[in-house]
């Protein structure tokens, strides 16, 4: 899922959809038909929009990154809000460390 703020416009929506379709294609090539990928693009506040969708689709688990664009804290604000409010299990994945 990709969440846009309401003022990001149609160009941002189209770009998000293109990125998500490309990601779906990559995942399907790698994992085959065993993996079902459904694309959702939401508009609104990030954490609450994701949590509402998780409830709507009766998600079993959300997997989110530790940070978005701001890297000041140990856990990003969206990830923290989802851990606190999501209607399902939330797995927070950190980026692979360079070796």
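Taking the conditions exactly as written (within 16 Å of residue 62 (Cβ to Cβ) and under 15 Å from the mean Cα position of the chain (by Cα)), does residue 2 satisfy them or not? Answer is yes for this residue. Using the structure shown, decide if residue 93 is closer than 19 Å to residue 2 by Cβ, within 14 Å of the chain's Cα centre (by Cα) and at pLDDT below 90. It is true that residue 93 is closer than 19 Å to residue 2 by Cβ, within 14 Å of the chain's Cα centre (by Cα) and at pLDDT below 90. When residues in region 60-89 are screened for being surrounded by fewer than 17 Cβ atoms within 10 Å (Cβ to Cβ) and either modelled with pLDDT of 90 or more or assigned to a loop (DSSP other than H, G, I, E, B) (or both), 17 of them pass. Within region 14-34, not a single residue is in contact with a helix residue (DSSP H, G or I) (Cβ under 6 Å, 6 or more places away or on another chain), in a helix (DSSP H, G or I), surrounded by 10 or more Cβ atoms within 10 Å (Cβ to Cβ) and at negative phi.
The values are calculated or read from the model by the stated rules, or taken from the named source; none is laboratory data. Bear in mind the structure is a predicted one, so any value in this text is a computation, not a measurement. Methodologically, a virtual Cβ is constructed for each residue, glycine included, from the backbone with ideal geometry; neighbour enumeration extends over all protein chains shown.
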